[in-house]
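Structure record follows, encoded as structure tokens.
The values are calculated or read from the model by the stated rules, or taken from the named source; none is laboratory data. A quick note: this is a predicted structure, and the numbers were derived from the prediction, not measured. Note: ideal-geometry Cβ built from the backbone for every residue, glycine included; neighbour counts use all protein chains shown. These area figures cover heavy atoms from the full protein model, side chains too; ligands, DNA and RNA do not enter into them. Shrake-Rupley method; radii C 1.70, N 1.55, O 1.52, S 1.80 Å.
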Amino acid sequence: TIKIWDVRAKARRFALDVPGAHDSDINVISWNRKSRYLLASGGDNGDFKVWDMRKWADASGRSTPAAEFRWHKKAVTSIEWCPTDESVLAVAGADDQITLWDLAVELDAEEEARHRDAMVGPGGSKRDVPAQLLFIHQGQTHIKELHWHPQIPGVLGSTAASGFNFFKTISV
């Protein structure tokens, strides 16, 4: 469950509520610093969701995420919006991956077909790779936390049992 509280309200109750926001425990959340109405949440089952506070509920009154991705194979351990690009999000998981996502990427039907055909794995099997996935960083074990560098745009730092890394991709 995600509950948003307005401490200024005298009613002493939550302002927004999403019961069952994830199919498992919610481990982490991050507010977008550029678009203050966007909230990202990461779950114990490896999925992460983006919530738009302006469109909290659909016509039936149910809360639905603006975006949802099931890429990580284990729990999401850290999530943070890029401080310089409102559509870019970094996600770390217990599957020893850090992924960078650009939620502004949208493919038309022709591009979608080309993208789908290009994602062929070993033995000819196809893997559904979302167009929004920019980068995967691997090599650390038991990743616990990631943060964008406050002074160097596009640089990410991560902590793990195997040490810490700082890196910058070409895409952000």
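Summary of values
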| item | result |
| --- | --- |
| Given (1) open to solvent by less than 30 Å² (accessible area, probe 1.4 Å); (2) under 13 Å from the mean Cα position of the chain (by Cα), index of the condition TRP31 fails | (1) |
| Subset tally (residues that are without any contact (Cβ under 8 Å) to a residue 40 or more places away in the chain and either open to solvent by 60 Å² or more (accessible area, probe 1.4 Å) or over 14 Å from the mean Cα position of the chain (by Cα) (or both)) for the stretch 34-44 | 3 |
| Residue within the stretch 6-13 that is out of contact with any Leu (no Cβ under 7 Å at 6 or more places or on another chain), modelled with pLDDT under 95 and under 21 Å from VAL129 (Cβ atoms) present | no |
| Among the residues listed as GLU68, GLU80, the single one being charged (D, E, K, R), at pLDDT below 95 and closer than 30 Å to PRO153 by Cα | GLU68 |
| Selection status of GLU106, open to solvent by 70 Å² or more (accessible area, probe 1.4 Å), assigned to a loop (DSSP other than H, G, I, E, B) and closer than 14 Å to GLN132 by Cα | yes |
| Residue list for the stretch 138-162, restricted to those being open to solvent by 30 Å² or more (accessible area, probe 1.4 Å) and assigned to a strand (DSSP E or B) | GLN138, LYS144, GLU145, HIS147, THR159 |
